[in-house]
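Colleague: Sending over a structure as C-alpha cells; questions will come in a sec.
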Amino acid sequence: MGLIKDFDWIVRKGFLRRFDKLGNNPVFIVDTGTIIDLSKTYNNYTPAIIEIIEREYPLIITRGVLKEVEKHSMCRLNHGREISFLTLKLIRELQEKTEDILKEAEIDSLNIDSFKYAVYWAAKDSFRDDYRKKVKDEISDIDKEIIVTALFLSRSKYKGVPISSANILSPDSHIKKTVETLKSPKFGYTGIKVIPTRGDIRSYLRK
C-alpha cells in the first residue's frame, strides 16, 4: 500500500523531508482516504502512528474531513469499526488545532475567494465529460476545501515563519489532478503538492 504500509518507518526515519523540496517549515493536510487507509493497516494503533508525524509537523484536518471521519467511524467492518473512536477523538483534537493554525495564519478574505475561484476552474479543466455517461467526473466539495486550505497555508506563516510547502497526503486522483492543473502555467500556483499515499513510495522518494 505504498506510503501507508511504511508510514511509521518513513516518519521515524525522517524520510518525509526527502519528498521533493518540502523546505524547512512544511505542513501536511490529511484527507479522509488517508485516515481510512491508516485505519485498515494499523487498526487500533492508528492514533499512535498519526501522533508520530504530528510531533514533527503540523497536521491539518479540515472541517469537511472531520465530518467524513465521523461518518466512517459509525461504519462496522469485520475487524470492528472502519475508523475507531480513539482515532476519531484524535482527529477531532487535530481539527481544533487546525482552527488555531488557520487563525494564526491570517490572510484576507479576498485571497480566500481567489483561491476558491482558482480551485473551481482548475477542477473544471481537470475533469472532462465522460461521454458514455454524459456527466463530468466531479470533484467533491470536501476535496475542494482541502485544496483551498493548502493554497491558503502555502502563502501563510506558522509560528511566525513562512510555510515552506503545503503537502496534501491523499490517495485521491481528483485532488492530484486538480493540484497538477493549479501548478500548470495557466494558473501558476506553487508551494503545494500532493504526496500519494498509495503506489510505489520508493520511486517518489527518489524524485
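The values are calculated or read from the model by the stated rules, or taken from the named source; none is laboratory data. The model shown is predicted, which means the values in this text are computed figures rather than measured ones. FYI the Cβ positions are ideal-geometry reconstructions off the backbone, even for glycines, and counts take in every protein chain you see.
Colleague: For the subset of region 50-65 comprising residues that are surrounded by 19 or more Cβ atoms within 10 Å (Cβ to Cβ) and hydrophobic (A, V, I, L, M, F, W, C), which member is farthest from K193 (Cα to Cα)?
Modeller: I50
Colleague: Only one of N25, N43 is closer than 17 Å to T87 by Cβ, touching a residue at least 40 places away in the same chain (Cβ under 8 Å) and surrounded by fewer than 17 Cβ atoms within 10 Å (Cβ to Cβ); which? It would help to see each step written out before you state the result.
Modeller: Numbers: N25 fails: closer than 17 Å to T87 by Cβ.
Of the residues listed, the single one that is closer than 17 Å to T87 by Cβ, touching a residue at least 40 places away in the same chain (Cβ under 8 Å) and surrounded by fewer than 17 Cβ atoms within 10 Å (Cβ to Cβ) is N43.
Colleague: Hey, does region 62-72 have a residue that's modelled with pLDDT under 90 and within 16 Å of the chain's Cα centre (by Cα)?
Modeller: no
Colleague: Here's another thing I want to ask about it. Looking only at region 123-152, count how many residues are part of a helix (DSSP H, G or I), at pLDDT below 95 and crowded, with 17+ Cβ neighbours inside 10 Å.
Modeller: Of the residues in region 123-152, 3 are part of a helix (DSSP H, G or I), at pLDDT below 95 and crowded, with 17+ Cβ neighbours inside 10 Å.
Colleague: Please determine whether any residue of region 82-98 is at pLDDT below 90 and either surrounded by fewer than 15 Cβ atoms within 10 Å (Cβ to Cβ) or not basic (K, R) (or both). Break it down stepwise before answering.
Modeller: The initial filter retains those residues of region 82-98 that are at pLDDT below 90, namely 82.
From the residues that got through so far, the ones that are either surrounded by fewer than 15 Cβ atoms within 10 Å (Cβ to Cβ) or not basic (K, R) (or both) too are 82.
Yes - at least one qualifying residue is present in region 82-98.
Colleague: Still on this structure, I have one more. Residue check: is R76 touching an Asp or Glu at 6+ places or on another chain (Cβ under 9 Å), over 27 Å from E180 (Cα atoms) and loosely packed, with under 15 Cβ neighbours inside 10 Å? Reasoning before the result, please.
Modeller: Numbers: touching an Asp or Glu at 6+ places or on another chain (Cβ under 9 Å): yes; over 27 Å from E180 (Cα atoms): yes; loosely packed, with under 15 Cβ neighbours inside 10 Å: yes.
Judged against the criteria, R76 is a match.
Colleague: What number of residues within region 5-58 are assigned to a loop (DSSP other than H, G, I, E, B), at pLDDT 80 or above and among the charged types (D, E, K, R)?
Modeller: From region 5-58, those assigned to a loop (DSSP other than H, G, I, E, B) are 5-6, 13-14, 19-25, 31, 55-58; that's our starting set.
If we keep only those that are at pLDDT 80 or above too, we end up with 24-25, 31, 55-58.
Subsequent filtering for residues that are among the charged types (D, E, K, R) retains 31, 55-56.
Total satisfying the criteria: 3.
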